[in-house]
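**Student:** Starting off with a structure, shown below.
The values are calculated or read from the model by the stated rules, or taken from the named source; none is laboratory data. The structure presented is a predicted model; accordingly, all values stated were derived computationally and were not measured. Note that we place each Cβ from the backbone using ideal geometry, even for glycine, and neighbour counts take in every protein chain shown. Calculation scope for accessible area: heavy atoms of the full protein, side chains included, ligands and nucleic acids excluded. Shrake-Rupley method; radii C 1.70, N 1.55, O 1.52, S 1.80 Å.
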Amino acid sequence: MSYDPNNIFAKILRGEIPCKKISEDEFYLAFHDIQPRAPIHALVIPKSAYKDVYDFNQNAKNEEIIGFCKGINQVTQLLNLNQDGFRLISNSGVYGGQEVPHYHVHLLGGKKLGPMLFSS
Ligand code: AMP
């Protein structure tokens, strides 16, 4: 399946809908999740169009990958996540439960988050 330019994060990147911005540079945009699952719940997305982590790691230029990873660290610093720790999640595809088909990572923190997954 190809990238859908009408997904909600693409609209945020184009300024068509608002977000609670944390920070950005040429490679990434970070904003607060609209439905936080932890006291701190940020989303970091690349500025270019990639549908998931596999697409990004496979097709992005090295400078985009480095810029995005550095962006994640900038956000962890801005939100003071590094001192007590945090969780980074990227959902992909149907089994991963991905809702928005623009690559993003969730940064969750602000309390002990408990087990990574509920047992099935
Ligand atoms: P995922 O299931 O990994 O695709 O996660 C998508 C995330 O995007 C969910 O945690 C949603 O709460 C969040 N989300 C959806 N729409 C918005 C929005 N307009 N602004 C901020 N977060 C959003």
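**Student:** Which one of these does Ile12 not meet: (1) more than 12 Å from the ligand (Cβ to nearest atom); (2) out of contact with any strand residue (DSSP E or B) (no Cβ under 6 Å at 6 or more places or on another chain); (3) among the β-branched types (Val, Ile, Thr)?
**Tutor:** (1)
**Student:** Quick one: which of Ile65, Ile17, Ile12, Ile45 is at pLDDT 95 or above, on the phi < 0 side of the Ramachandran plot and in contact with a His (Cβ under 7 Å, 6 or more places away or on another chain)?
**Tutor:** Of Ile65, Ile17, Ile12, Ile45, the one residue that is at pLDDT 95 or above, on the phi < 0 side of the Ramachandran plot and in contact with a His (Cβ under 7 Å, 6 or more places away or on another chain) is Ile45.
**Student:** When both residues are 6+ apart or on different chains and their Cβ atoms are under 6 Å apart, which pairs have a first residue that lies in the stretch 83-109 and is of a type in the set (Phe, Trp, Tyr), and a second that is open to solvent by less than 30 Å² (accessible area, probe 1.4 Å)?
**Tutor:** Correct list of pairs: Phe86/Leu107; Phe86/Gly109; Tyr103/Pro46; Tyr103/Tyr50; Tyr103/Asp52; Tyr103/Phe56.
**Student:** Since Ala42 meets every condition but one in (1) free of Cβ contacts under 8 Å to residues at least 60 places away in the same chain; (2) in contact with a strand residue (DSSP E or B) (Cβ under 9 Å, 6 or more places away or on another chain); (3) farther than 14 Å from Phe27 by Cα, which condition does it not meet?
**Tutor:** (1)
**Student:** Which condition number does Gly114 fail, the rest of (1) at pLDDT 95 or above; (2) outside any strand (DSSP E or B) being met?
**Tutor:** Of everything listed in (1) at pLDDT 95 or above; (2) outside any strand (DSSP E or B), Gly114 misses just condition (1).
**Student:** Taking only pairs six or more apart or across chains, which ones have beta-carbon atoms under 6 Å, a first residue in the stretch 1-27 that is free of Cβ contacts under 8 Å to residues at least 40 places away in the same chain, and a second residue that is assigned to a helix (DSSP H, G or I)?
**Tutor:** As it stands, the answer is Ile17/Lys11; Cys19/Ile12, since those pairs meet every condition given.
**Student:** Which residues, taken from the stretch 99-119, are more than 12 Å from the ligand (Cβ to nearest atom) and surrounded by 10 or more Cβ atoms within 10 Å (Cβ to Cβ)?
**Tutor:** Gly109, Gly110, Lys111, Leu113, listed by residue number.
**Student:** Are any residues in the stretch 34-56 under 22 Å from Phe86 (Cα atoms), of a type in the set (S, T, N, Q) and in contact with a helix residue (DSSP H, G or I) (Cβ under 8 Å, 6 or more places away or on another chain), and if so, which ones?
**Tutor:** None; the set is empty.
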